[in-house]
Structure formats: C-alpha cells, structure tokens
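Before any comments, here is the structure.
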Amino acid sequence: MLEVFFVQNIPSFASWLKYISPFKYAFDASKRLTFDRDVPCDGSGVLETVCLGQDTGFATVGEVMDYLDVQGSVAFNVFMLVVLSIVCRLGAFYALKTRKAVERM
C-alpha cells in the first residue's frame with residue numbers, strides 16, 4: 001500500500017511512510033531473492049533502460065537492484081520485518097494495558 005508498486009511520484013511529505021510499511025521490506029527481500037544473478041536482456045522492454053548499451057546481453061545484479069530501487073540485503077529486510085512486527089505487538093499490548101487501567105477506575 002505504501003510501497004511504490006504503482007505510484008512513481010509520491011509527495012515529499014509522504015515519502016517517509018514507506019519506511020514504516022512491512023510491504024516495502026517484504027517486497028525488497030523478494031526482489032533480492034528473485035534477481036540473484038545477472039538478468040538476460042531479451043528485448044521484452046521490461047529492463048530496457050538497464051539493458052541499453054550492454055555488450056554482454058545481460059544486466060548485472062547491481063544494475064537491476066539500482067533500477068528497482070532495492071535497499072538492503074535479504075537479511076536486513078527480514079530483520080526490519082521482525083522489528084516492525086515486535087513494535088506493532090508492543091504497541092497493541094501497551095494500548096490494551098492502558099485501556100484496561102482506565103476501565104478499572
């Protein structure tokens with residue numbers, strides 16, 4: 001939802017929201033796992049901007065990751081998913097605890 005799946009021009013005031021979205025880290029990890037080796041330039045147009053000027057016929061992993069704007073390794077993205085999960089659980093626990101304390105009064 002907050003990842004740039006379809007939206008290319010996110011307003012500057014909302015650009016930080018992607019860093020608190022678990023979808024960003026899951027999608028970045030899946031892109032890292034999918035493109036783990038050089039990608040052939042087959043003329044499909046998907047990686048046309050990356051494949052321009054390639055003499056070898058392959059786009060390197062680094063070029064593809066830069067083009068797809070992937071940040072961090074798979075381990076980093078999984079770590080961030082775990083951290084976000086723990087923070088959400090602690091936030092929910094705290095909210096329920098304070099609500100129960102208010103009801104006792």
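Before moving on, here are some points about what is shown:
- Restricting attention to segment 1-34 and to residues that are modelled with pLDDT under 90 and closer than 13 Å to LEU68 by Cα, the residue that is surrounded by the most Cβ atoms within 10 Å (Cβ to Cβ) turns out to be GLU3.
- Restricted to segment 47-95, and to residues there that are outside any loop (DSSP other than H, G, I, E, B) and of a type in the set (Gly, Ala, Ser), the residue that is farthest from LEU33 (Cα to Cα) is ALA95.
- Applying the criterion of being more than 14 Å from ALA26 (Cα to Cα) and among the small types (Gly, Ala, Ser) to the residues of segment 44-88, the residue that is surrounded by the most Cβ atoms within 10 Å (Cβ to Cβ) is ALA59.
The values are calculated or read from the model by the stated rules, or taken from the named source; none is laboratory data. All values derive from a computational prediction rather than experimental measurement. Cβ sites come from the backbone with ideal geometry, for glycine too, and all protein chains shown count toward neighbours.
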